[in-house]
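What follows is a single structure, written as structure tokens, with notes after it.
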Amino acid sequence: MNRRPRRNHTPAFKAKVALAAVKGDRTIAQLAEQFDVQPNQITAWKAQLEGGACGVFGPGSAAPASQFTGQAFTGVLADNGIAISMDGKGAWRDNVFVERLWRSVKYEEVYLRAYDSVSEARNSIGRYLDFYNSRRPHSSLDGSTPDQAYFNPLPLRLAA
């Protein structure tokens, strides 16, 4: 068996591959084939990128998650074709509601399953989101579901 010589990849190459993995358009296996590297290398580089991203913006930020709304971070995302969704003001609060949703998705769905494929994960998470919106009661909505809170009109209050 012929083994190819060990290759030393440049930091720029590793960053390019890790950003492609973060972008999420392709699976790790597809990226491994495209860049001719092992999937475990991509996973490690992605973890390094995500783990070290906050260090790019320096220690001590004024508001939680504000480093993710700064030009240094959003510029890297935009340059790599990654869509950014904010209300236009760049406030850290934009992310709070999404973080709460994804915490529920992770602990009530993703961490409880072992998906065999991306399509299986996508379908299962889709079913969970349907459940989350239409059947799961929310304490912040007084026991109502998000669908009930959104689609049912508020009761009319009579003027005194």
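All of the numbers you see were taken from the coordinates with simple rules; none came from a lab. What you see is a predicted model, and the numbers here were worked out from it, not measured in a lab. A quick note on method: Cβ atoms are made from the backbone with ideal geometry, for glycine too, and the neighbour counts reach across all protein chains shown.
Can you list residues from other chains, or at least 5 along the same chain, whose modelled amide H is less than 5 Å from the amide H of SER144?
HIS138
With a point put 7 Å past each Cα toward its Cβ, work out how far ALA121 is from ALA44 in nm, to one decimal.
If labels sit at ALA121 and ALA44, their model points lie 2.1 nm apart.
From the phi of every residue in the range 14-31, what ³J(HN,Hα) in whole Hz does the Karplus formula 6.51 cos²θ - 1.76 cosθ + 1.60 yield, where θ is phi - 60° and glycine or proline is x?
Working through the residues one at a time gives 4, 5, 4, 5, 5, 5, 5, 5, 5, 4, x, 6, 10, 6, 4, 4, 5, 5 Hz.
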